[in-house]
Amino acid sequence: MQSFAIHPFSTPGTVSDLRAQVRRIVSECEAGWDAADRANSWSVADPAFSARLGDEGLVGMIWPKRYGGHDRDPLERYIVLEELLAAGAPVGAHWIADRQTGPLLLRYGTEEQREKYLPGMAAGKTYACIGLSEPGAGSDLAGVKTTARKTDTGWVINGQKVWTTGAHIAHAILALVRTEPGSERQAGLSQLLVDMDTPGITVRPIINLAGQHDFNEIFFEDVEVPHGALVGGEGNGWKQVTAELALERSGPERYLSSFALLRYLIAEQGGDPAVQPLIGRLTAELWTLRQMSMSTAAKLAGGEDPAVEAAIVKDLGNSYEQDVPLAIQAVLTADFDTRSDSDLARTLSLLLQTAPSFSLRGGTREILRGIIARGLGLR
Amino acid sequence: MSENRSLLCDTATAVLREAADMHSLEEAGFATLLIAEADGGFGGDWGDVFAVLRIAGYEGSDLDIAGLILDPVAGDSMEKGAFAKVCLAAGALDRILEMAIDYVNTREQFGRPLARFQAVQQSLAILAVEAAAVNSAGAGAALALDHGDATFEIAAAKLRTNQAIGVGTAIAHQAHGAIGFTREYPLHPFTRRLNQWRTDNGNDRYWSEKLGAAVVALGTDGLWEEITRRSDRSAG
Ligand SMILES: Cc1cc2nc3c(=O)[nH]c(=O)nc-3n(C[C@H](O)[C@H](O)[C@H](O)COP(=O)(O)OP(=O)(O)OC[C@H]3O[C@@H](n4cnc5c(N)ncnc54)[C@H](O)[C@@H]3O)c2cc1C
């Protein structure tokens, strides 16, 4: 048997131009970027930067031109993403729209939905959020209770979503709701795309343990949307969400999101011979993860469904990114002041706090390993 | 996989299963795998070498097919040997993963197959992830070798492989219980070889010092530039 079939990543001929373009944009914009933010890059929202990337044709890259996209190759997009993440660029505002909501609309959305949302998304100006989790539905997502009742004119939504990243800046939420009254588990669920300014929606911030406002809770009270808000088939929500999650799991953000920390370690402590072996080990792991992530991207680009590979990349990437701050903390000399103002110290302190979230968001470690085990024929 | 590559793999599997001595491997022409067709060789690339050595690791052959293939080509012998160990380990880790899966699907305790227990599922998932990492590392190093200098990639791949061997062999033994601790059961030939390869051609200390120093020498922004510059060599 083969644990991981390798799909060759055919590096696009435009690769040097793309890297140069991103590196130029980064060098023009990076003056104001905070060091610690760079180690948290796809969670940091900077609308001006998102719009700049939109102007440069680097958002919605692989979408058709008629929707504001640029008809580029998925592997060209991969190159752009890894460059942005390695630089720690603040890509959080448009991230979800570009990565999953836009592609989902292209696959399942109506012509009207595509025309309404995609051009703004590709411009880096329309943001989306993911409405899956609820108080009673975390890992067990089939426990979703938020309902949408069908009326003559549309849908009426009631219920609550939670942990919704970026709901406070998003223009629309793609919500998984129960459209068939009395249905249970995976059956009777559908996806609705709802404008966040619709009356009846209340967004409340949830401040995370590091004091940041990234996620929120959302209340829906008799929120009325037209029939045209339904994305894909009525009752097809579970299948669509599963496809969406594969897009969410295998990208370079699963191992590059805190690359800045390794950079600062090299810059500030690289001269210490006791630190160099750790730099070697972390480099070896990073390089290997990149091979795995690129292979999975190539499989996805070839039209195949790499659900198990994506789970493997995310699980290993999460473990790596959680290990990096701990390993660095362990190897620093006793006189290194983690409360100091250096880039390394500030980034390390932040990541030591935020790292536990890596193996929760986007599917927990245990759920991912369950998917891998199913792929192995163990369940 | 190209048609040539899959034919090559079929031959390698058949020959390595049967071959009792080096002579039969030589007969099969493996010594010329990397020699150009123009010079009367097979004209294979490093991806072919990865595929063949991976099969050797998977089949558990003790014949030195790596030496047969690599001795005739130029290059640093420490690096060539390290690359060979990565390829062999990729196959051997896939093999012990397969053995562990078969075992927990058949062995019953508490009235059901061990595979039904979530703790067992989760630990075999880790073994699969580690095996996947080594397979990817081997393929990545092979690609770099096709483009010339691969010192960086081989160091990274061997270091990652050493890590995976430590984690992976422990899980495979744990899943097998006492039967895997017997001379009779065919797990130990694989885990013993894996452990040997972990030492051979550079242990963790050797490669992590070397790679760490090389990365630091690249300067603050040098690591990312180097990683991308090297993989972009394959741009078409
Ligand atoms: C930073 C962050 C951002 C997020 N952003 C979003 C977002 O934008 N949109 C959204 O919808 N959600 C979001 N989430 C929510 C995320 O998807 C959930 O946290 C996740 O699915 C787990 O659900 P839970 O937190 O309810 O934990 P629980 O499901 O209660 O799990 C708690 C623990 O029990 C384990 N566990 C649960 N079931 C099993 C089982 N069957 N077997 C073994 N172990 C099990 C879990 O693995 C976990 O370790 C975000 C979460 C975080 C941390």
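Looking only at the stretch A:77-90, residues that are within 11 Å of another protein chain (Cβ to nearest Cβ) and touching a Leu at 6+ places or on another chain (Cβ under 7 Å) come to 4 in all. Taken over the stretch B:142-165, residues that are acidic (Asp, Glu) and assigned to a helix (DSSP H, G or I) amount to 2.
Of the strands (runs of 3 or more DSSP E) entirely within the stretch A:152-202, those holding at least 3 residues that are within 13 Å of the ligand (Cβ to nearest atom) occupy A:154-162, A:172-178.
Scoring A:ALA334 on the criteria (1) at pLDDT 95 or above; (2) closer than 22 Å to A:LEU265 by Cβ; (3) in a loop (DSSP other than H, G, I, E, B) leaves a single failure, condition (1). Taken over the stretch A:357-379, the criterion of being more than 9 Å from chain B (Cβ to nearest Cβ) and in contact with a Ser or Thr (Cβ under 7 Å, 6 or more places away or on another chain) is satisfied by A:THR364, A:ILE367. The condition (being under 21 Å from the mean Cα position of the chain (by Cα) and either within 30 Å of B:ALA156 (Cα to Cα) or of a type outside the set (Val, Ile, Thr) (or both)) is satisfied by just one residue among B:ALA90, B:ALA38, B:ALA119: B:ALA90. Every listed requirement among (1) touching a residue at least 12 places away in the same chain (Cβ under 8 Å); (2) touching a Gly at 6+ places or on another chain (Cβ under 7 Å); (3) buried (at least 20 other Cβ atoms within 10 Å of the Cβ); (4) not polar (S, T, N, Q) is met by B:VAL215 save one, (1).
In the stretch A:92-104 there is no residue that is of a type in the set (Lys, Arg), within 16 Å of the ligand (Cβ to nearest atom) and surrounded by fewer than 20 Cβ atoms within 10 Å (Cβ to Cβ).
All but one of (1) within 16 Å of the ligand (Cβ to nearest atom); (2) under 23 Å from the mean Cα position of the chain (by Cα); (3) not in a helix (DSSP H, G or I) hold for A:LEU350; which doesn't? With respect to (1) within 16 Å of the ligand (Cβ to nearest atom); (2) under 23 Å from the mean Cα position of the chain (by Cα); (3) not in a helix (DSSP H, G or I), A:LEU350 is out only on (3).
Let's see how each residue does on (1) of a type in the set (D, E, K, R); (2) away from chain B (no Cβ under 13 Å):
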site	(1), (2)
A:SER250	no, no
A:GLU253	yes, yes
A:PHE259	no, no
A:ALA334	no, yes
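Taken together, the residues in the stretch A:353-374 that are under 20 Å from A:TYR255 (Cβ atoms) and either more than 12 Å from the ligand (Cβ to nearest atom) or part of a helix (DSSP H, G or I) (or both) amount to 14.
The values are calculated or read from the model by the stated rules, or taken from the named source; none is laboratory data. None of these values were measured; they are calculated from a predicted model. Every residue, glycine among them, receives a Cβ derived from its backbone with ideal geometry; neighbour counts consider all protein chains shown.
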